[in-house]
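Undergrad: Before I ask anything, here is the structure I am working with.
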Protein chains: 2
Amino acid sequence: MLRVVVLASGRGSNLEALLRAIDAGRCHAAVVAVAGDKPEAHALELARQRGIATHCVPFRRAARGAWDTELAEAVAEAEPELVVLAGFMRLLGPAFLDRFTGRVLNVHPSLLPAFPGLSAPAQTLAAGVRLAGCTVHLVDGGVDSGAILAQAAVPVLPGDDEATLHARIQREEHALLPGVVDAIARGALSLTTTGPRWVAAPVAAGVLRSPDLGTR
Amino acid sequence: MLRVVVLASGRGSNLEALLRAIDAGRCHAAVVAVAGDKPEAHALELARQRGIATHCVPFRRAARGAWDTELAEAVAEAEPELVVLAGFMRLLGPAFLDRFTGRVLNVHPSLLPAFPGLSAPAQTLAAGVRLAGCTVHLVDGGVDSGAILAQAAVPVLPGDDEATLHARIQREEHALLPGVVDAIARGALSLTTTGPRWVAAPVAAGVLRSPDLGTR
C-alpha cells in the first residue's frame, strides 16, 4: 500500500474521491494523514470521521518559511511516499518541497499550460474555449508549472457558468487523481529522481470534439 | 451554397479535406477560389486540377501593406462569404482583415490558447502535455488569438514524435474544419458583427483521458 498524505484547504471532494477509490479496491494506497491550513476545512472533518490522523497548520504570512517547515514536519511524521494536494490553496515553499522532491502531486482544473493559478474555470469561460479539463502534475516552485502526469478533457457546453463547468471538470478530477495515485502504487508511473516516467501507461484512444460536428 | 475562398501555402491537406466533404455532401459550401503566396504550393495545383480559380500573390516583405491589399483584391474578386486559412503561413495585416472582418477562419494545430504560433506540435511535445488538439478560430490582428469556434482533443501517445503527433492532430483538423464551414453554411454558427454565435451547436459529450486510467 502506497502511503499518501493529502493536503486540503476546502471541502475535500478530491480526498473523498480518493478514499472511495481506495475503499472500492480501485486505488492501492492508504491515506495515512490529512493536513490543512484552515481549521474549519471540511476535508479535515472528513478525515477525522474516518479515524485518519489530521494536522492543521494555520497559514502565517509573516512567518512564511517557518510555516512551510512546520507543515513539512507534520507531513513527514506520517512517513508518506506521496503527498497529494487536493484543493490546497497555498503555494508551498522550498522548505516544504525540498523535503518531498518529485513526490508532491497537484490536481488543477484546467488543461495546463492553459489557465494556471486561481479560478481556472472562470478563466476558461472568459477565454471562450470549447474544451476544458483537468491536469494532475508534479508540484515545483512555480504556479501549476510542474511536470504533467495525466490530463482529461471535457466540453464547455452552451449555457455553462462557472459552477456548472467547474462541476463537470471536478467529476473528471475525481476519476483522474485516484487513477494516477494507483498507477504510482502499482509502479505503472515511476517518480524517478530524473522526473516522472510512465512505465506502462494505458493508451488513450479517441477524440473529443466540441461542438460535436460529426466524423469526416 | 456558401462561397468560400481558401488561402494556403503548403500541400493543401485541409483544402483537400474540405473539397472531399463538399463532394460527399457533408459540407454545403463551394470553394470558389484558392489563393496563395507560394507559386509551388501543392494546394494551388490541387485547385487547378479541379478547375477552381487560383491566385498567387508572392509575399513581399518590403511592401507588406501593398501585398495585403493585392491579396485582398484577388480574394475579393471571388466574392467570398467566408475566407478559410488552411495552412496559410503568413500573418494577414489590416489591409486584408478589415476587408473581411469576422469572416476569416483559421485552423491551428493546438488547443488554443496553449501553443499559438509556429510549430505547435513541437511546442506541445516539449511542454510534456498529455492532450493535444486543434482549434478553428476567427482571425484577428494577433497570432492565433481570435474567437474560438470549435476544438478537438487527441491524446499524446508514448513514443510520439513531432510527425506522428502532427498527423494525429491533422486528421482531426480534416474533420473539424469542414464541420465548422458547414455549420456556417447551414446557419448553425452565425458570424454576426458582434462576434460568432452558435445558434444550434451539436452538444459534445464524454471525456478524453490520457493516459486512459479508467472510470471512477
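Undergrad: If I model a spin label at B:Glu77 and B:Arg186 as a point 7 Å from the Cα along the Cα→Cβ vector, what separation in nanometres do I get?
TA: 3.4 nm
Undergrad: Quick check: net charge around B:Thr54, other residues with Cβ under 14 Å of its Cβ, Lys/Arg +1 and Asp/Glu -1? Write down the numbers at each step before the final one.
TA: Numbers: positive: B:Lys38, B:Arg48, B:Arg50; negative: B:Asp37, B:Glu40, B:Glu45, B:Glu77.
The answer is -1.
Undergrad: Taking each residue in A:124-136, count the Cβ atoms of any other chain within 10 Å of its Cβ, then average. What number comes out? Could you put the intermediate results ahead of the total?
TA: Working: counts 1, 0, 0, 4, 9, 8, 15, 12, 2, 7, 2, 3, 2.
If you average over the peptide's residues, the count of other-chain Cβ atoms is 5.
Undergrad: Hey, another quick one. Kindly state, to the nearest 0.05, the FRET efficiency for A:Arg60 paired with A:Thr193, given R0 = 25 Å and r defined as their beta-carbon distance.
TA: On the way: r = 32 Å, r/R0 = 1.27.
Step by step, r from the Cβ atoms, then E = 0.20.
Undergrad: Right, next: At a threshold of 8 angstrom on Cα-Cα distance, excluding pairs fewer than six apart, so keeping six or more, what relative contact order does chain B reach in percent? Each step should come with its number before you reach the end.
TA: Working: 402 pairs, mean separation 41.3, N = 216.
Relative contact order of chain B: 19 percent.
Undergrad: Run the quick spin-label model on A:Arg20 and A:Glu40: label points 7 Å from Cα toward the beta carbon, then report their separation in nm to one decimal.
TA: So the two model labels end up 2.6 nm from each other.
Undergrad: Another question, then. Between B:Arg11 and B:His28, 0.36 nm times their residue separation minus their Cα-Cα distance comes to what?
TA: 3.8 nm
Undergrad: Report the one residue of B:Ser119, B:Val199, B:Ala29 whose Cα lies farthest in the direction of the positive end of the charge dipole of segment B:2-209 (charges on C-beta: Lys and Arg +1, Asp and Glu -1; origin at the Cα centre).
TA: Toward the positive end, the furthest listed residue is B:Val199.
Undergrad: Would you compute, from DSSP H runs of 4+ residues alone, the mean residue ellipticity of chain A at 222 nm, taking -39500 (n - 2.57) per run and dividing by the full residue count, rounded to the nearest 500?
TA: On the way: 6 runs with 70 residues, N = 216.
Mean residue ellipticity at 222 nm (helix-derived): -10000 deg cm²/dmol.
Undergrad: Can you compute 3J(HN,Hα) from phi for each residue in segment B:11-25, using the Karplus curve 6.51 cos²θ - 1.76 cosθ + 1.60 with θ = phi - 60°, rounded to whole Hz and x for Gly and Pro?
TA: In residue order, the calculated couplings are 7, x, 5, 6, 4, 4, 4, 5, 5, 5, 5, 5, 4, 7, x Hz.
Undergrad: Along the charge dipole of chain B, which of B:Val129, B:Val6, B:Ser145 sits closest to the positive end, that is, farthest toward it, with unit charges on the beta carbon of Lys, Arg, Asp and Glu (+1, +1, -1, -1)?
TA: Farthest towards the positive end: B:Val129.
Undergrad: B:Ala122 to A:Ala53: FRET efficiency via 1/(1 + (r/R0)^6), r the Cβ-Cβ distance, R0 45 Å, to the nearest 0.05?
TA: On the way: r = 46 Å, r/R0 = 1.03.
Approximately 0.45, to the nearest 0.05.
Undergrad: Could you order peptides B:80-89, A:85-94 by the average number of other Cβ atoms within 10 Å of their residues, highest first?
TA: Values: B:80-89: 22.3, A:85-94: 19.3.
Result, highest mean Cβ count within 10 Å first: B:80-89, A:85-94.
Undergrad: Okay, moving on. Can you give the average number of partner chain beta-carbon atoms within 10 Å of each beta-carbon in peptide A:173-185, as a whole number? Could you put the intermediate results ahead of the total?
TA: Working: counts 1, 1, 6, 7, 2, 3, 7, 2, 1, 2, 2, 0, 0.
Average neighbour count from other chains, rounded to a whole number: 3.
Undergrad: With unit charges on the beta carbons (Lys and Arg positive, Asp and Glu negative) and the dipole taken about the Cα centre of segment B:77-179, which residue among B:Val156, B:His166, B:Pro178 sits farthest to the positive side?
TA: Checked the options; the winner is B:Val156.
Undergrad: Please compute, for peptide B:106-113, the average count of beta-carbon atoms on other protein chains lying within 10 Å of each residue's beta-carbon. Numbers along the way, then the final one.
TA: On the way: counts 0, 0, 0, 0, 1, 8, 6, 8.
Neighbouring Cβ atoms belonging to other protein chains average 3 per residue here.
Undergrad: Still on this model: Quick check for me: using +1 on Lys/Arg Cβ and -1 on Asp/Glu Cβ, what's the dipole size of the protein assembly as shown about its Cα centre, in debye to the nearest 20?
TA: Values: 40 positive and 42 negative charges, 80 e Å.
Roughly 380 debye, rounded to the nearest 20.
Undergrad: Of the candidates B:Asp144, B:Asp160, B:Asp37, which one comes out as most mobile in a Gaussian network treatment of chain B with C-alpha springs shorter than 10 Å?
TA: B:Asp160
Undergrad: Which value, in debye to the nearest 20, gives the size of the charge dipole of segment B:1-94 about its Cα centre, when Lys and Arg are +1 and Asp and Glu are -1 at the Cβ?
TA: 280 debye
Undergrad: Among B:Gly102, B:Gly179, B:Gly195, which one shows the biggest mean-square fluctuation in a GNM of chain B, springs joining Cα atoms closer than 10 Å?
TA: With Cα springs under 10 Å in chain B, the top fluctuation among B:Gly102, B:Gly179, B:Gly195 is at B:Gly195.
Undergrad: Work out how much length A:Ala200 to A:Ala147 would gain on full extension: take 0.36 nm times their residue separation and subtract the Cα-Cα distance, in nm to one decimal. Walk me through the numbers before you get to the answer.
TA: Numbers: separation 53, 0.36 × 53 = 19.08 nm, distance 1.75 nm.
Result for the pair: 17.3 nm of gain on full extension.
Undergrad: With +1 assigned to the C-beta of every Lys and Arg and -1 to the C-beta of every Asp and Glu, and no other charges, what is the dipole magnitude of chain A about the Cα centre in debye, to the nearest 20? Write down the numbers at each step before the final one.
TA: Values: 20 positive and 21 negative charges, 67 e Å.
Magnitude of the dipole: close to 320 debye.
Read-outs: derived from the displayed coordinates by stated rules, not from any lab. The structure displayed is predicted, hence computed values, not measured ones. Because the Cβ atoms are built from the backbone with ideal geometry, glycine has one as well, and the counts that use them run over all protein chains shown.
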